[in-house]
Amino acid sequence: MKNIEWRNETLVLLDQTKLPTEVEYIHCTDWRQVAEAIKMLRVRGAPAIGVAAGYGLILAARETSTNDLPFNEQLSEFYEFAEILKETRPTAINLAWAVNRILSMVKASAFTSMSDIITAITKEAEIIHKEDIELNTRMANHGASLFEEQQQIRILTHCNAGALATGGLGTALGVIRKLHSNGQLAMVYADETRPLLQGSRLTAFELHEDGIPVTLETDNMAAYAMQQGLIDAVIVGADRITTKGDVANKIGTYGLAVLAKAHNIPFYVAAPYSTFDFTMADGKNIPIEMRSDDEVLSFQGVPSAPTGIKVLNPAFDVTPHELITAIITEEGVLTPSYESAIEALQQTISSR
């Protein structure tokens, strides 16, 4: 099923908060609907929210074009809308990357009307979407190369880094899909992933629908699975990667990396170039989104904890680069030292 589609000047989003029990689509004709969908995780996954934001900017530009204002004031209003859209999720760098890419294009061009800007943004948003589809396939191929001549592979993954989180096959799940198509995969162990159960609601759903063998486990069962020799490798996605190779991902990822290190299990991160923050070296500086207490205090509206207690609910944690075996990108597999590997990646991208 398609999770993002630009159709008839409308952004159609699969409402991922309804899965797996309901398949419901949101038809966004206003950029504020896109912002709300991103903020409330109706569309989620770092690459996917970048794609969605690109289309959201078309709607923002269209709104400003209808105002009876001089062009320079319309443009100023558009920039304000873009900044609001960019701030809806602070941790995932792909969102800011997509918005900034389009804003840079607008600012670098000598546009004289919002109509011309809308045409240019539409073209750029579609390019971003197409690029994501293509790079997912390339990333899957590079990731699968790490497992050459291996059979009956058992992979542990966390959160959802699949087709629902991207415009294509997925990042971590793209690699898993490639291994499955090669006949190398025995089982995927999917953490349920607190607090929103994106592993059980989305990853398990996605893999099961595609006929890929999957076993669901709660987050605190990962250590047991490793101890019992059930896991051959861990593959996760990412929301931001620093120039040192520190990785921000869904809360619980850091704990998995520590466990993998203790059990001598390779820990891989799969992410496209848009997830790299080339302005930030240390993971300690990555802003961590704190989410509503209700996500922990209740489940689907049913209270699951005492009323009035305090809650710690960070959406992400940061895994230090020392715990990461390799980073899988569309340009190839990066290995330590990550600083030099990531610098080379940046140079490759900048030269295009």
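Worth a mention:
- Only protein heavy atoms count here; on that basis, with a 1.4 Å probe, residue 240 has an accessible area of about 20 Å².
- Folded to 0 to 90 degrees: helix 338-350 orientation relative to the chain principal axis, Cα: 30
- Subtracting the Cα-Cα distance of residue 119 and residue 312 from their residue separation scaled by 0.36 nm leaves 65.1 nm.
- Segment residue 66-residue 258, length gained on full extension (0.36 nm per residue, minus Cα span): 63.8 nm
- The computed percent of Cα pairs over 38 Å apart for the structure shown corresponds, within (1) 22; (2) 60; (3) 15, to (3).
- Separation of the range 318-352 and the range 46-75, taken as the distance between their Cα centroids, equals 33 angstrom.
- Based on DSSP H segments of at least four residues, each scored -39500 (n - 2.57), the chain has a per-residue ellipticity at 222 nm of -12500 deg cm²/dmol.
- Among 99, 175, 311, the largest mean-square fluctuation in a Gaussian network model of the chain (Cα springs under 10 Å) belongs to 311.
- Length-normalised contact order for the chain - Cα pairs under 8 Å, 6+ apart - percent: 15
- With all protein chains kept in place, the per residue accessible area of the chain amounts to 43 square angstrom at a probe of 1.4 angstrom.
- With Cα atoms, 0 to 90° folded angle of helix 71-86 axis to the chain main axis: 20
- Comparing mean-square fluctuations of 22, 322, 192 from a GNM of the chain with C-alpha springs under 10 Å, the top value falls on 22.
- Helix 253-262 vs. the chain, principal-axis angle (Cα, 0 to 90°, nearest 10): 30
- Beta bridges per DSSP with both ends in the chain, % antiparallel, nearest 5: 55
- Dipole magnitude of the chain about its Cα centre (Cβ charges: Lys, Arg +1; Asp, Glu -1), debye to nearest 20: 340
- If you count Lys pairs in the range 1-156 whose Cα atoms are under 24 Å apart, skipping same-chain pairs closer than 8 places in sequence, the total is 13.
- Were the residues from residue 294 through residue 25 laid out at 0.36 nm apart, the gain over their Cα-Cα distance would be 94.4 nm.
- Summing Lys and Arg as +1 and Asp and Glu as -1 over all other residues whose Cβ lies under 15 Å from the Cβ of residue 101 gives a net charge of -1.
- Carbon and sulfur %, accessible surface of the chain computed with the full protein complex present, 1.4 Å: 51
- Within the listed set 150, 198, 16, the residue fluctuating most in the Gaussian network model of the chain (springs between alpha-carbon atoms under 10 angstrom) is 150.
- Approximating the spin labels as points 7 Å out from Cα along Cα→Cβ, the residue 302-to-residue 343 distance works out to 5.5 nm.
- Selection from 223, 298, 283 lying farthest towards where the dipole of the range 156-302 points positive, charges on Cβ: 283
- Here the spin labels are modelled as points 7 Å beyond Cα on the Cα-Cβ line, and at residue 100 and residue 134 they lie 2.3 nm apart.
The values are calculated or read from the model by the stated rules, or taken from the named source; none is laboratory data. This structure is a prediction, so every number in the text was calculated from the model and none was measured. We place every Cβ from the backbone using ideal geometry, glycine too, and count neighbours over all the protein chains shown. These area figures cover heavy atoms from the full protein model, side chains too; ligands, DNA and RNA do not enter into them. Shrake-Rupley method; radii C 1.70, N 1.55, O 1.52, S 1.80 Å.
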